[in-house]
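One structure is given here, and the rest of the page talks about it.
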Amino acid sequence: MDQRSNASPIQETSNVNKFKLILPAIVLAQFCCTSLWFGGNAVMPNLMLEFKLVSSDLGHISMAVQFGFIIGTLVLSILTIVDRFSPSKVFLLCAILGALLNVGLIWEGNNLSSILVLRFFTGFFLAGIYPVGMKIAADHFDKELGKSLGFLVAALVLGTALPHLIKAIMVGSMWKYVLIITSSLAAFGGLIMQIVVPDGPYLQPAKRIDLSAFFSVFQNRNFRSAAYGYFGHMWELYAFWVFVPKILHTYKTLHPSSAYYIPVLSFEIIAIGGIACLLASHLAQTHGTKKTAMLALLLSCLCCLISPFIFFVEYEIILIGFLLFWGFVVIADSPLFSTLVAQNAPPEIKGTALTIVTCIGFSITIISIELINALIEFTDSIYVYTTLAIGPIFGLIALKVKES
C-alpha cells in the first residue's frame, strides 16, 4: 500500500517540496561518509613514520578495511538489520561510530595492532553506509532509481578520492587534520541523512530475521544475472584503483622523461569515474540499464587486454588519456548493476539483497588484488593486468542470460 495515499493536499504539497531535498541529501551524506574509506590510506606514509611501521604492514592495514567491510555487510545481511530498522538511523549510527574509529588513528599510543583494529571496524561500519545509502535511495525512487544511484555512486567515487586531495593540501604534521576533517564530514553526513531523509514511501520493512535471505535471493534468475555481472565488475574495479599508482610508476621507470605527478594523476583517474556514473545513468534511461552496463563492461574489458601495449608508447599523453578512459569506463556500470539488483530483489528484503551482493563483491576484490600483487612480485611483468579481464568476461556472459 502506498504510504502517501491518505495524505491531504497540503501534506502532499509539503511532501513534494521535501522530496526535492531527498536526493541531494542522500548524495551529500554518502559523499561525506565514504571519505572514511581511504582516510587511513591517504596518511599511510605518516602513519609509518609516526608509529615506526615497516613496508610489509601497509598491505595489512589496507586489507583490514576491506575485511571489516565484508564482515560488516555479512552481519547486516544475515540479521536483515537494514530491512528491520529505519535505514536512516542505521546510517547515522554507523557514520558516528565510523568517524570515531577513523579519528582514533591520531592517538599517540597506537601501534600496528591498534591501527589494524581501528581500520577493521571503520570498514565494518562503512557497511552501514554504502549499501544502506543505496537502500535508502531505492526506498524513495522507483522509475528514476537508476538516475539516483548514478548520483550516489558518483558521490562514493568522489568521497573515496577526497582524502587524497585533502592530504595534497596538508603537509608535514598536519596529516592528523586529514583524519579529523574526514571524521567530521562523516558525522555531518550521518546527521544530514537522519534529519533530512525520512523512511521512503517504497519501504517495506521485514517483520523478522530471515536467515535464509542470504541464499534465497539468488533463486531469481534475473537477480542472479545482475549480481554475477556486478561480481565480474568488482573483480576489475578495485584492483585497477589500487594499482593505478603502480602502473604510472612502471611507465615512468620505462620512460624516465615522463613529467607527470603520480599522486595527482592517480586522483584524477579515479575521480573521473564520478562523471562516468552520471553519464551512464543518463544513457541508461534511453538505451536501457542492462545494455548500457554491458557496453561499459565490454569497454573496460578491452582496456584490460590492451593495457600491456600502452607501456611501449613513447608519448605520455597517450598513456594518460588511456588511463583516464579506463578510469571512466571501469566504474560507469556500477550504479547500473546496483539498479538491476535492486529492481530484481524481493521488496521486503531489498536492503539485505543489496548488502549481500556488496559483501560478495568486495570479497572478490580481495582475491583479484592479491592475485595481481602476487603476479607482480613473482614476474614483475607488464602483462599481469590482462588478468583483470577475467571479471568483465564473466560478467558479460552472465548478463547474456535471457530474462525470465
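The values are calculated or read from the model by the stated rules, or taken from the named source; none is laboratory data. As the structure is a prediction and not an experimental result, all values here were calculated from the model. Positions of Cβ are backbone-derived with ideal geometry, glycine not excepted, and every protein chain shown enters the neighbour counts.
Of everything in the range 363-396 that is exposed (fewer than 14 other Cβ atoms within 10 Å of the Cβ) and within 20 Å of the chain's Cα centre (by Cα), the residue that is farthest from residue 229 (Cα to Cα) is 370.
Note on the range 4-41: among residues that are within 15 Å of the chain's Cα centre (by Cα) and not in a helix (DSSP H, G or I), the one that is modelled with the highest pLDDT is 37.
Within the bounds of the range 259-278, is there any residue that is among the polar types (S, T, N, Q), in contact with a Pro (Cβ under 6 Å, 6 or more places away or on another chain) and surrounded by 15 or more Cβ atoms within 10 Å (Cβ to Cβ)? The answer is yes, given that some residue of the range 259-278 is among the polar types (S, T, N, Q), in contact with a Pro (Cβ under 6 Å, 6 or more places away or on another chain) and surrounded by 15 or more Cβ atoms within 10 Å (Cβ to Cβ).
Among the residues making up the range 318-361, a single one is surrounded by fewer than 23 Cβ atoms within 10 Å (Cβ to Cβ), touching a residue at least 40 places away in the same chain (Cβ under 8 Å) and of a type in the set (Phe, Trp, Tyr): 328. The set of residues in the range 166-190 that are out of contact with any helix residue (DSSP H, G or I) (no Cβ under 7 Å at 6 or more places or on another chain) and at pLDDT 70 or above comprises 169, 174, 177, 184. Residue 271 meets the conditions (1) among the small types (Gly, Ala, Ser); (2) modelled with pLDDT of 90 or more; (3) within 18 Å of residue 151 (Cα to Cα) in every case but one. The failed one is (2). Go through the residues of the range 205-222 one by one and say whether even a single one is touching a Ser or Thr at 6+ places or on another chain (Cβ under 9 Å), modelled with pLDDT of 85 or more and buried (at least 16 other Cβ atoms within 10 Å of the Cβ). The answer is yes; a qualifying residue exists.
Given 323, 340, 336, which one is modelled with pLDDT of 95 or more and of a type outside the set (Lys, Arg)? Outline the logic, then answer.
On the way: 340 fails: modelled with pLDDT of 95 or more; 336 fails: modelled with pLDDT of 95 or more.
Step by step, each of 323, 340, 336 is checked, and only 323 is modelled with pLDDT of 95 or more and of a type outside the set (Lys, Arg).
If you go through the range 168-186 and keep only what is assigned to a helix (DSSP H, G or I) and farther than 14 Å from residue 37 by Cα, you end up with 168, 169, 172, 173, 174, 175, 176, 177. Taking each residue of the range 178-198 that is assigned by TED's automatic domain parsing to the domain that holds residue 165 and looking for partners that are assigned to a helix (DSSP H, G or I) and of a type in the set (D, E, K, R) with beta-carbon atoms closer than 6 Å, six or more apart or interchain, yields 178/167.
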